[in-house]
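Read through the structure below, which is laid out as structure tokens, and then see the notes.
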Amino acid sequence: MTMNHVGVRMYRVRASSSLGAKAFAWITNQIIYRGRLFISRVADYAELLFYPPRPATSAIQGRWTGQVPLDGAKRVAIFMHFAQADSIAPYVRYHVRKLREAGFAVIFASNTPGLSEQTVTPLLPDLALAFSRQNVGWDFAAYREAIDLIPALEEREMLLITNDSVFGPIHDLAPLIARADPEEADVWGSTDSWERHYHLQSFFLLFHKRALQSPAFRHFWQNVRSFRRKHWIIEKYEIGLTRALQSQGLRCKALFPYNHVTRTFLRSYVPSTTAEKVAETNPVGFAQMLAGRINASIPINQTHFFWSELILDMGFPFIKRELLQKNPANVPNIGEWEQIVSKVSTYDTNLIREHLMSR
């Protein structure tokens, strides 16, 4: 046997070993992932069996009156906040100020128990009302509590619910709000999702008067309960809210619809000229994966997977905090967030950077 034949055989052995190691690693990761998912689902249903959720009764511990009148305000916004300690991040303060500048009387609802007056006071010039509450029932229990504090809600022109899970807005909100035409839809979200069931994503939801006067709206919030596990909040409330309102004839639309975003991506996507599969950690391989999922009608979270297209090409005013803090989908170009935001906006990226450094 020649040395060339030996080399070929050794290469084949090494290649086979490499492929075997990759297959083993993939199977191991799948077993771990599926095992964790199974345990999580068991815990989800165990909660329902052993700890039935209670009605979301009042959990307010502290309350402050702001300097923006709530009575007579045509636009009201509820901003949901949570922090591990007695603090309100600078990016949150900026977001609240931009809501006030967009014409909203803002209710600041915090799931941070023990939030102090010293911490809240600098925010009061931009607020109508602030309160801190026990951290029970997640965001939707706090939204319900804030809604109960709005007198004559059905007489308001619009109600916006939003939260601190996004950085921004990197653009003024007024043009975005103007696009949310009440003649076209009764409820607007900034983005929508087809994961599990079609729904508007809950980090930015705007309700017009027809929705506020609807029995379906009142019934939904009156029946919010304090689930302990996030799975049920997503299933029953984030997804359930859109379904409940649509079932009663209310029109729900997104300002940045998933189908439009994915079509925009595919128009700019240039398929690889080689049949070789590129790793998804590479931007080329990542784009291949996205195109494959879209063409296979597999829904994905557009605020993570298409974050740069949303900001650069469509004027989307937010970037998800989880995306920059954890990047759960391993999006490869996250390191470019600051350059991309700075290309289209004068938003102070130090607000984001300082928050990320403090985590």
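The values are calculated or read from the model by the stated rules, or taken from the named source; none is laboratory data. Fair warning: this is a prediction, and the values are worked out from it, not measured in the lab. No Cβ is skipped: glycine too gets one built from the backbone with ideal geometry, and neighbour counts run over all protein chains shown. The protein model used for the area step is the full one, side chains on, heavy atoms only, and it has no ligands, DNA or RNA in it. Shrake-Rupley method; radii C 1.70, N 1.55, O 1.52, S 1.80 Å.
In table form, for the structure just shown:
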| read-out | value |
| --- | --- |
| Within region 104-114, tally of residues that are open to solvent by 10 Å² or more (accessible area, probe 1.4 Å) and either over 24 Å from Tyr91 (Cα atoms) or within 24 Å of the chain's Cα centre (by Cα) (or both) | 1 |
| Count of residues meeting criterion [in contact (Cβ under 8 Å) with a residue 60 or more places away in the chain and of a type in the set (Gly, Ala, Ser)] in region 99-135 | 5 |
| Index of the failed condition, Lys320 passing every other in (1) within 29 Å of Asn163 (Cα to Cα); (2) without any contact (Cβ under 8 Å) to a residue 40 or more places away in the chain; (3) in contact with a Ser or Thr (Cβ under 9 Å, 6 or more places away or on another chain) | (2) |
| Search result, residues across region 124-155 that are over 11 Å from Ala77 (Cα atoms) and of a type in the set (Ser, Thr, Tyr) | Ser132 |
| Count of residues meeting criterion [in a loop (DSSP other than H, G, I, E, B), open to solvent by 30 Å² or more (accessible area, probe 1.4 Å) and in contact with a helix residue (DSSP H, G or I) (Cβ under 8 Å, 6 or more places away or on another chain)] in region 299-326 | 2 |
| Qualifying residue in region 235-250 (condition: surrounded by fewer than 18 Cβ atoms within 10 Å (Cβ to Cβ), of a type in the set (A, V, I, L, M, F, W, C) and over 24 Å from Trp138 (Cα atoms)) | no |
| Some residue of region 224-234 being at pLDDT below 95, closer than 19 Å to Leu310 by Cα and either acidic (Asp, Glu) or open to solvent by less than 10 Å² (accessible area, probe 1.4 Å) (or both) | no |
| Residue pairs meeting the criteria (Cβ under 9 Å; at least 6 apart or on separate chains; first charged (D, E, K, R), in region 236-247; second part of a helix (DSSP H, G or I)) | Lys236/Phe140; Glu238/Asp139; Glu238/Phe140 |
| Complete set of residues in region 154-180 that are farther than 20 Å from Ser345 by Cα and either out of contact with any strand residue (DSSP E or B) (no Cβ under 7 Å at 6 or more places or on another chain) or acidic (Asp, Glu) (or both) | Glu154, Glu155, Glu157 |
